[in-house]
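Only one structure is covered here, and it is reproduced in the block below.
The values are calculated or read from the model by the stated rules, or taken from the named source; none is laboratory data. Please read these numbers as outputs of a predicted model, since none were measured by experiment. Please note: Cβ atoms are built from the backbone with ideal geometry, for glycine as well, and neighbour counts cover all protein chains shown. When the accessible area is computed, the model is the full protein with side chains, heavy atoms only, and any ligands, DNA or RNA have been set aside. Shrake-Rupley method; radii C 1.70, N 1.55, O 1.52, S 1.80 Å.
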Amino acid sequence: MAFPFSSVVLLVLVAAVLVNADMKVDCGPDGLTLVWTEARSLMDFSLLRLGSCRPTAVSLREAMFSVEFGDCNFRRTVTKDTLEYSNDLTLASPRNTKTTFHHPVSCTFEKAVDWAPPMYDPSMLQTYGQGNLLFSMDIMNGDFSGPAQSLAFSLGSLIPIMATVGQESHQPLLLLLDECVATNTPDLQPESAVYSIISNHGCLMDSKGARSRFEPRLVSSEIRLSLQAFKFAVGKEVYIHCTLEAWDPSAFFPNKKACHIVGNGWELLDDPSMSSLCGCCDTSCSSRKTRSPSGGGIKHSAVLGPLTIVD
């Protein structure tokens, strides 16, 4: 299998190193190995988490993670020249779910000239969740036929975004964008400036007063979004964070949907005759109020960028 990048060029470990603690990370083409060691500690190493993953092995003074980038909710950031995979090493309190510390971890690779997004290079597709589901999300060219050659967009132009879920032997699934926001940081932080794009479980809020819209589906496992370049952090780096959800293609609910403004009102992308499900977009699409399922789907987080919006 040919790797879609040439070599590892940078490893960034931004960590407040504790006394007597040592963290070592080795980046590989498909994943990483992380070893956390404390020579004199009463820490319960089984409480360490790398993203959503538990340690692969634990000893008296050490915890090891050997994971692939397609697991553990790694975030992928694509730039003109690099691919970066980032995550956080955390420790939860044994008595509650509060995190007592976290250490950002990232691996950055030089992007090969012939690199293509995962949906176009099967060797880079990674398994996530249940049933061998393969999630991918990328910024595309104008006709959605391939990856964008530039991540600079003029204010008011359309940014083509496509997400897919590969299903292998899984039953057919419907891919939804549950939530998307734009920020000025690659990680969502309390101090990040945030611009809401999709909220309220699939409501494309940016279609109100703008040309943003969902494009007609070709297959249920793919969703296309034309996003009008907005006046947010103009001239600076912008990142788009989204939560993708794979769901039953035959069941729509107020919290399992894709809605956008068409004409003067909200319309359900997949069945306009059921657009009444979008009526909550201007209020609250709460599963408790609507008695629709709050779970059942398989979710995945993705981040795109950095892209630049120019005036």
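Each residue of the stretch 225-230 was assigned a 3J(HN,Hα) from its phi angle through the Karplus curve 6.51 cos²θ - 1.76 cosθ + 1.60 (θ = phi - 60°); the sequence is 10, 9, 9, 6, 4, 9 Hz, with glycine and proline shown as x. Around the amide H of PHE153, modelled in the peptide plane, lie the amide H atoms of THR308, ILE309, VAL310, all under 5 Å away and 5 or more residues distant in sequence or on another chain. For the stretch 272-284, 3J(HN,Hα) computed residue by residue from phi via the Karplus equation (6.51, -1.76, 1.60; θ = phi - 60°) reads x, 5, 10, 5, 4, 5, 8, x, 7, 4, 8, 10, 8 Hz, glycine and proline entered as x. Of the peptides 199-207, 185-193, 43-51, 221-229, the ranking by mean beta-carbon count within 10 Å, highest at the top, reads 199-207, 221-229, 43-51, 185-193. Modelled spin-label separation between VAL310 and SER275, with each label point placed 7 Å from Cα along the Cα-to-Cβ direction: 3.8 nm.
Which entries of LYS236/LYS256; LYS111/LYS208; LYS24/LYS257; LYS231/LYS256; LYS111/LYS256 have Cα-Cα distances beyond 31 Å here? Beyond 31 Å: LYS236/LYS256; LYS111/LYS208; LYS24/LYS257; LYS111/LYS256. Accessible area per residue for the stretch 159-233, computed on protein heavy atoms with a 1.4 Å probe, is 42 Å².
Close amide-amide hydrogen proximity is noted between SER212 and GLN228, each under 5 Å apart and 5 or more residues distant or on a separate chain (H modeled in the peptide plane; Pro and chain starts excluded). With θ set to phi - 60°, apply the Karplus curve 6.51 cos²θ - 1.76 cosθ + 1.60 along the stretch 135-141 and write out the HN-Hα couplings as whole Hz, x wherever there is a Gly or Pro. Computed from phi, the couplings for the stretch 135-141 are 8, 8, 8, 8, 8, 10, 7 Hz.
Model label points for PHE144 and LEU188, set 7 angstrom from Cα along the Cα-to-Cβ axis, are 2.5 nm apart.
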